[in-house]
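Worksheet: the structure to be examined is printed underneath.
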Amino acid sequence: MRKVILAINMSIDGCVGHMSLPAPDEEVGGYFNDLMNQDVDLIAYGRKMYEIMFPYWADEANWGDELDTEFGQRLTAIDKIVFSRTLDSAEYNTRIVSTDPVEELLKLKQAPGKNIYVGTVSMIPQLAQAGVIDEYHFFVAPVITGQGPRLVEDGTLAEKLNLEHVATKTFKSGVIALHYKKRA
């Protein structure tokens, strides 16, 4: 069965707004690229995250170095779905899905293929609570932002999630990669 993997950058205080976090350095970016290249053949986005990522990463002018180039090429080439009831069209190997994200991802987990990466903030509580997410990769930046969207907003989880620690990696920049999986 395919696994659903969430990987997300965040501040120490749980903020996940990309604009308030430092850009990943080469070491962190390389780790993230390796994660994306490891047995992943589909990315699932919510509409907002899709619109943040594209067309930005499809434009080669935004690729500042080898790491950006690798990420941009991979992100543009890989198959994607975007959960939206308002988008009329999507590009860059993306298909729009307007059905329930939990039901759709549970079906996709049963389908042949490699793992599924989830790149969305808005659906984290819904997907986590339903047990859809199998692995969590949190990249915690050494910054307290005090503003912006949080990993999980107050009241969005019906009950707490207990995860099992898999690994921790500390980078020279002070970013800490925390890898967890859902408890069996």
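The values are calculated or read from the model by the stated rules, or taken from the named source; none is laboratory data. Model, not experiment: these values are computed from the prediction. Here Cβ is always computed from backbone atoms with ideal geometry, including for glycine, and neighbour counts include all displayed protein chains.
So here's what we get for this one:
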{"quantity": "Where a residue in region 1-14 is closer than 27 Å to residue 103 by Cβ and its partner, wherever it lies, is of a type in the set (Ser, Thr, Tyr), with Cβ under 7 Å and at least six apart", "calculated": "5/117; 6/136; 7/117"}
{"quantity": "Some residue of region 58-76 being among the hydrophobic types (A, V, I, L, M, F, W, C), crowded, with 18+ Cβ neighbours inside 10 Å, part of a loop (DSSP other than H, G, I, E, B) and at pLDDT below 95", "calculated": "no"}
{"quantity": "Odd one out for residue 148, checked against (1) small (Gly, Ala, Ser); (2) buried (at least 17 other Cβ atoms within 10 Å of the Cβ); (3) at pLDDT 95 or above", "calculated": "(3)"}
{"quantity": "Lone unmet requirement of (1) under 15 Å from the mean Cα position of the chain (by Cα); (2) closer than 25 Å to residue 33 by Cα; (3) of a type outside the set (Ser, Thr, Tyr) for residue 96", "calculated": "(1)"}
{"quantity": "Pair list, Cβ < 6 Å and 6+ apart or interchain, from region 171-184 residues that are in contact (Cβ under 8 Å) with a residue 60 or more places away in the chain to residues that are surrounded by 16 or more Cβ atoms within 10 Å (Cβ to Cβ)", "calculated": "171/28; 175/28; 175/139; 175/141; 177/139"}
{"quantity": "Qualifying residues in region 17-57 (those that are of a type in the set (A, V, I, L, M) and part of a helix (DSSP H, G or I)) - the one farthest from residue 90 (Cα to Cα)", "calculated": "28"}
{"quantity": "Some residue of region 48-60 being touching a Phe, Trp or Tyr at 6+ places or on another chain (Cβ under 7 Å) and basic (Lys, Arg)", "calculated": "no"}
{"quantity": "Search result, residues across region 118-158 that are part of a helix (DSSP H, G or I) and under 14 Å from the mean Cα position of the chain (by Cα)", "calculated": "124, 125, 127, 128"}
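To keep it simple, each residue is scored yes or no on (1) crowded, with 17+ Cβ neighbours inside 10 Å; (2) at pLDDT 95 or above.
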{"position": "81", "(1), (2)": "yes, yes"}
{"position": "89", "(1), (2)": "no, no"}
{"position": "94", "(1), (2)": "yes, yes"}
{"position": "102", "(1), (2)": "no, yes"}
{"position": "106", "(1), (2)": "no, yes"}
{"position": "109", "(1), (2)": "no, yes"}
{"position": "116", "(1), (2)": "yes, yes"}
{"position": "119", "(1), (2)": "yes, no"}
{"position": "123", "(1), (2)": "yes, no"}
